[in-house]
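Structure record follows, encoded as structure tokens.
None of the figures in this text is laboratory data; all of them are computed from the coordinates on show. Quick caveat, the model's predicted, so the values are computed rather than measured. Heads up, the Cβs are rebuilt from the backbone with ideal geometry, glycines too, and the neighbour counts pull from every protein chain shown.
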Amino acid sequence: MVLMIAIIVVSILVLAVFAGVIGLYNSLIQKRNELKNAWSQIGVQLKRRHDLIPNLVETVQGYAQHEKQTLNAVIEARQQAVNIQGADIEKISKAENQLSGTLKSLFALSESYPDLKANQNFLMLQEEISSTENRIAFSRQHYNDSAMELNNAVEMFPSNVIAGMFNIGKEKFFEIDEAEAAVPQVKF
Amino acid sequence: MVVLFYLVAYSIGVALYITFLMFGEVEINTTLVYHQVNNAGLIALALSNIVILIALPRAENGFIKKHIKEFDAKDLAGIKNKTIGNITEEMCIAAGLAEDLKVYIIESLMPNAYAMSQPNGRSAIFLTTRLLEILDRNELQAVIAHEISHIKNKDANYLTRAFLFVALLNCLSGSDKNNSGGQVRVRSRYGGGGGRRGGAIPPHLLIILLIALIIIFVVGPILSKLIYYSISRKREFLADACAVQYTRYPDGLINALAKIEHFYTNESDSRLYTQIGERQKTYDAFYFFSILSFFTDKKHHCTHPATKNRIDVLKKMGGSGLGDYQDAYKKATGKGLFKNLDIQELMHQDVMVPQTSPEDIAAKLPAGIMLAGAALSEDFKNKIVNKQEINDLRAEINGYITIECDCDTRIKFPDLYKGREMYCPHCLKKHIVEEQENIGENELSKLQ
């Protein structure tokens, strides 16, 4: 009778330990796979930048070019109008001077703030470049976080035994070199 | 931990109940939704709670759709500005979120945000238009990181189940507003108290059973409510900690909390406050900012910690990991935080300022440009001053030649006009278009 109880208790204990080991091993494997996923995620973001930004810049430049031609045409037209008037300006009376002056400033005013769409494109380009760089940075950050979780599990007590048994090792963090740590100069 | 408490309490209750039925006749009458229920009804109610818990995942899979329909939420398809989508994507990457996450916008005059997660892997974040008007990019990113950490920790599902438990206990005891209360009558088949007549329940056992009954039906409702609120507050702290871990920038969340609190205490229309609907009370645990705290003095009945406490803890952070948050919490309140939640590793990480933000690039702009609404507001793109600066930027990139006239006008010519003689449009002075040195700030551009 006592033997039976002892056998039952011991077998429950053994099962519990076994379940614990399985649980720890599975969590280590999960962390390692998450780390691999995070590493490939960095590559995904880099490829996105490689594919996206040159196309965007080209599009924006193409549109700006098209608008540059429009702007050139407008400036030409204005200068022609001014040239025609310019020859007579010294001779025309004050009232006409003022009138033509007003007309010219109206013209100039509407030309200074034309509703050009290239603005929106540049704003969008700025946002997209900024966001692409942010995504690359965040993917590296996530890689570091996952590496830290795995290292914690590999080094802290109950799971380091399991990690030793199954040869799950520590992982390195993402490092940069000196050149990349320098402050960039923003010059226009 | 609380799940364990739930299961243990539940099983104790069921066991006691069955014991009563076996050893004595216990009649418990409670008025449930205007009709009397006897023992059989109570068993049915308890069983139906179990059934609800089992069937809940299936029901939960339709919650997001219900919410979209109810609040008329629109997704990001109609918005040309990609900022919100970009911010959400960045935070998903930082959090390692594998789920399918969509952002929806609700038209509202009150800034708020909440997140819902479904068991089938879909989740959604709801933002109001007012929130997008008030916050700038970093703060919006902090709010979205907070919501994503709610999704990652499955707080919505957890709190729903806790709420069911609270509802069950309150229903049974009749402390609901719909019920008029309950009476518990314990009648022993063999007479109460008195002598033993072959098989009677000993009186001390009866008293113990009675005490247990009182605990379940009287203390239970109050205690379960307090536990629910306490869970909600702890989860909010956890979400704050995870948000800072994802963004690595505590100032973003500090500013967001401060701005929204300032809005609710100073700027919002008091008429909006007059009535808190039942719906607001139900979902209050999920919102980013809870206004119920303005209506009650009892701190323990609030689903969110006091905003001042949240900001205090964030300000004292020396790094941006969960371990740093725990240390800051200890400094601010003297208590531990993550003891009974499932955080195994407390992390210590460095604070990083956002790598590139539009604010950094546009640091040359005069103050007040990127005031608010960088994400959504329409008048942002109509601000002439900003447009002018972007025009200048475009001109420089495209190699335009800038000439400064004596009348303080700056004229920009494409390089096609190099060497030609051109007139200033304002004062008609002749200029030859060539590079000028030392163009500094003039009065006109300072005005802009």
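In table form, for the structure just shown:
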| read-out | value |
| --- | --- |
| Which listed pairs, of B:Lys259/B:Lys316; B:Lys66/B:Lys154; B:Lys225/B:Lys299; B:Lys281/B:Lys330, have C-alpha distances above 21 Å, in listed order | B:Lys281/B:Lys330 |
| Per-peptide average of other Cβ atoms within 10 Å, ordering B:291-300, B:409-418 highest first | B:409-418, B:291-300 |
| Given charges at beta-carbon only (K, R positive; D, E negative), |dipole| of segment A:1-65 in Debye | 100 debye |
| Computed E for B:Phe295/B:Ile52 - FRET, C-beta separation, R0 35 angstrom, nearest 0.05 | 0.70 |
| For segment B:409-422, 3J(HN,Hα) per residue [Karplus equation, 6.51 cos²θ - 1.76 cosθ + 1.60, θ = phi - 60°, Hz, x = Gly/Pro] | 9, 9, 10, 10, 10, x, 6, 4, 8, 5, x, 8, 9, 10 |
| Exposure proxy ranking, count of Cβ atoms within 10 Å, fewest first, for A:Met156, A:Met1 | A:Met1, A:Met156 |
| Virtual spin-label span in nm between A:Val21 and B:Ile207, 7 Å along Cα→Cβ | 5.3 nm |
| Shielding by partners - mean other protein chain Cβ count within 10 Å, residues of B:76-83 | 2 |
| Shielding by partners - mean other protein chain Cβ count within 10 Å, residues of A:142-153 | 3 |
